[in-house]
């Protein structure tokens, strides 16, 4: 019988690779980027396999250490501190293990607060104060250990930095939408220096995927030095980029997930030549009219290569009537989707609760919603588009639903006929095989104290009936596009 040690290395590699591939095939992936996060069962199998024989050990360790996650989050307990310090000690004892790390995710509070930081509310219970002081002390230890870890890592392929503020009543920076963030300048100097050197000095030629959340006024120069960057995620407005000098951006992005707070889209002294010309996957959040203009500039550059596009309208507090303004602009300026010959999937979502408030919470869905959707689609040639979806979140007055007999939510004459015609156009959308248009109604009531509030006490049967009527009316109203799908055998 042949000995295990007589097997060729290629066979050993196939065995280990099969364990990893099997776990990845059942795990969820984010957008178009392949996930390298191992399932718990794969970790157990690889750990046992590495202990079986030394011939498996190296290949198993390569996979076990490929992705490193430090998810401290808000739990600044002894376990989180032990995990970070233990990892640092392990890398000190076996430096070669750090060389296997290709992806790093850090999720924690990056703020640099002291135990005597001002308090928003008082008085504070002594036990709570001691607990918060202990957590702040532990956070300092964790931040110091992470700074040492950053100094040990190099040649990263992927990096995720997520700021999660501590769940106490301390002052922290918040943006216009009330979302908590931390200013880059307030992060501990030691950590800023270690993170900068890890990114700019030791991973400038290798970092391909970066996700940043919750860091305000992060220097654009940090990202501008990443020559290999292909996928950039700044998924919410808590992250902003700052630059006071001319920057040349060398990226050739394939994927961009950007919220309206991404200042790089509008900085005049930033050279963006060729950055968006190779985009295949794009998700953008429009919160202001300024960001709306920036999004269409991106779309112009990426129109020849886009395959998947997610467009989200999420009005900021400063511009609550954003959807109305975008609708008016689309009508008068003829701003529709650019001709995208490779676009296969298009998804549009509208947070239109304020739009409902603007017209007084009438039973009928605001005409600006189908009007904006139809304006985007009309006169656009999308020959490869196979799937279109649109979701609108609206508010409806419960009183009007209960008092008006035979109320109709979807009025075809209020713009829905134009949307139906646009989706049924086989000349502009010859490959379309999936249409999913959804309106999510939230029932509200008038409160003399708080204004308009959700109808928490609404009967579930009434709420279900509203949702069912909305779905049925949408199907009846979009009859041309539905007939088209039936004729195509979908």
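The values are calculated or read from the model by the stated rules, or taken from the named source; none is laboratory data. This is a predicted model, so every value here is computed, not measured. Every residue, glycine as well, gets a Cβ built from its backbone with ideal geometry; the counts of neighbours run over all protein chains shown.
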| Of all residues in segment 431-447 being over 22 Å from residue 370 (Cβ atoms) and touching a strand residue (DSSP E or B) at 6+ places or on another chain (Cβ under 9 Å), the one that is modelled with the highest pLDDT | 445
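Conditions (1) modelled with pLDDT of 80 or more; (2) on the phi > 0 side of the Ramachandran plot; (3) not in a strand (DSSP E or B), marked per residue:
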| site | (1), (2), (3) |
| --- | --- |
| 233 | yes, no, no |
| 238 | no, no, yes |
| 244 | no, no, yes |
| 250 | yes, no, yes |
| 257 | yes, no, no |
| 261 | no, no, yes |
| 264 | no, no, yes |
| 267 | no, no, yes |
| 273 | no, no, yes |
| request: Return the residue satisfying two criteria in turn: it lies in segment 57-91 and is part of a strand (DSSP E or B) and at pLDDT 85 or above, and of such residues it is farthest from residue 46 (Cα to Cα). | output: 70
| If you go through segment 466-487 one residue at a time, do you hit one that is surrounded by 15 or more Cβ atoms within 10 Å (Cβ to Cβ) and in a loop (DSSP other than H, G, I, E, B)? | yes
| message | Go through segment 42-71 and report how many residues are farther than 17 Å from residue 14 by Cα and in contact (Cβ under 8 Å) with a residue 12 or more places away in the chain. | response | 7
| query | Out of segment 448-472, which residues are under 20 Å from residue 370 (Cα atoms) and in contact with a helix residue (DSSP H, G or I) (Cβ under 9 Å, 6 or more places away or on another chain)? | reply | 466
| When the residues of segment 319-351 are filtered to those that are farther than 13 Å from residue 376 by Cα and more than 22 Å from the chain's Cα centre (by Cα), which remaining residue is surrounded by the fewest Cβ atoms within 10 Å (Cβ to Cβ)? | 341
| said: Take the conditions assigned by TED's automatic domain parsing to the domain that holds residue 197, buried (at least 20 other Cβ atoms within 10 Å of the Cβ), on the phi < 0 side of the Ramachandran plot and at pLDDT 85 or above and apply them to residue 149. Does it pass? | reply: yes
| query | Of the numbered conditions (1) at pLDDT below 80; (2) assigned by TED's automatic domain parsing to the domain that holds residue 150; (3) in contact with a helix residue (DSSP H, G or I) (Cβ under 9 Å, 6 or more places away or on another chain), residue 12 satisfies every one except a single condition; which is it? | reply | (2)
| What are the residues in segment 297-317 that are under 19 Å from residue 275 (Cβ atoms), crowded, with 16+ Cβ neighbours inside 10 Å and over 16 Å from the mean Cα position of the chain (by Cα), if any? | 298, 299, 301, 302, 303, 305, 306, 307
